[in-house]
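Report on one structure; see the data block that follows.
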Amino acid sequence: MLPRRDPNSHKGQNGRVLIIGGSIDYSGAPILAGLGALHSGCDLVYLLVPECNFDVSRSFYPDFIVRKYPGNYVNTRTIDAAAELLNKVDCVLLGPGVTEDPESLRIMTRIVQKTPCHIVLDAEAIPVIAQLGLISGSTMTEHPHRYTITPNLAEMDEIIEAALPENPEEQAKMVEDFAKKWGITILLKRPHDVIAAPEKPTCINNTGNAGMTVGGSGDVLSGLVASLIAQKLMPYEACQCAAYMLGSAGDELLKQKSYNYTATDLAQELPYAAKNI
């Protein structure tokens, strides 16, 4: 399922991703998501961050194209800054590093409504699906396969407004039911990830290990998913490949470092995981 690259392609044809995130509290999350996107073959990665994150984001990695807007959190100025970028990219990742706030949720909902391409929602952007009224199923026919969410267990509990059952098989069945009901693709992050989408068989990923509980690994995964979607995989296949690849990277790092590796290590191991595959 991994993308096959045309040897005659040029810059931008192998995926352009826009990552909107960050805050005064979490400057690293969009950077880690960007590393996940870059190290999985995406041509161009744009970071749109608040002004307080601009200098660190721009200086951390020269490969990023970094844009800013005034403020320390997502706000109305974010919409204006995003407008000029939304039509330039193949996939938008929204949410890494955004803090929980009703105003931020309202702004992110407006950004999603203005986005013409595939969208991956992570972290505090995940509740946007409820704001969009996806539970009604209306978006299923209007924008099939457009939305992907990458929640952890706690975030999944929040959006379904109930606790997931402890039994892994029952968890997977509940995720499958909600994916069908909402018309979206779901990658549930847990020790054995669940990938579910409408009219598709639910998959369980078995790569990975307990070292991947390190902070930021979920940001890398969401960037990886967005990158593969930008490279023309459908979200269901992108989530399968991303979960497997990141887990494979973690398993190799376990051999090298035991459990003492970081989210940055995971991102930088991705090219080798892809090469081994």
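Surface composition of the chain: carbon and sulfur make up 49 percent of the accessible area, probe 1.4 Å. What is the calculated FRET efficiency for Glu169 to Glu199, with r their C-beta to C-beta distance and R₀ = 30 Å, to the nearest 0.05? That pair, Glu169 with Glu199, gives E of 0.90.
Does anything in the range 245-260 have its amide N under 13 Å from the 7 Å Cα→Cβ label point of Asn209, and if so which residues? Hits in the range 245-260 for Asn209 at 13 Å: 247-260. Other residues within the sphere of radius under 14 Å centred on the Cβ of Thr148, judged by their own Cβ, net out at -2 (K and R +1, D and E -1). Taking the DSSP bridge list for the chain and keeping only pairs wholly inside it, about 15 percent are antiparallel. Measuring with a 1.4 angstrom probe and ignoring ligands and nucleic acids, Thr264 comes out at about 40 Å² accessible. The accessible area of Arg77, taken with all protein chains in place and a 1.4 Å probe, comes to roughly 130 Å². State the label only: which of (1) 15.8; (2) 13.7; (3) 16.8 corresponds to mean projected area of the Cα convex hull in nm² computed from the shown model? Correct label is (2).
Candidates Leu132, Pro151, Pro271 compared by Cα position along the dipole of the chain: farthest toward the positive end lies Pro271, with charges placed on Cβ. A run of the chain free of exposed loop cleavage sites, with GluC sites (Glu not before Pro) counted only in DSSP states other than H, G, I, E and B and at most 16 other beta carbons within 10 Å, reaches its longest extent at 1-99.
Nearest 20 debye, what's the magnitude of the dipole of the range 1-111 about its Cα centre given +1 on Lys and Arg Cβ and -1 on Asp and Glu Cβ?
Charge dipole of the range 1-111: 360 debye, to the nearest 20.
Cross-link partners for Lys114 among the lysines, with Cα-Cα distance under 29 Å and sequence neighbours closer than 8 places in the same chain left out: Lys11, Lys68, Lys88, Lys180, Lys181, Lys189, Lys200, Lys232. Amide H to amide H distances under 5 Å link Ile19 with Tyr46, Leu47, Leu48, Leu93, where only residues 5 or more positions off or on other chains count and H is placed in the peptide plane. Considering helices alone, the calculated mean residue ellipticity of the chain at 222 nm is -14000 deg cm²/dmol, with DSSP H runs of length four and up weighted by -39500 (n - 2.57) and normalised per residue.
The values are calculated or read from the model by the stated rules, or taken from the named source; none is laboratory data. Model, not experiment: these values are computed from the prediction. As a convention, Cβ positions derive from the backbone with ideal geometry for all residues, glycine included, and neighbour counts pool all protein chains shown. Just so you know, the surface numbers come from the protein's heavy atoms only, side chains and all, with ligands and any DNA or RNA stripped out. Shrake-Rupley method; radii C 1.70, N 1.55, O 1.52, S 1.80 Å.
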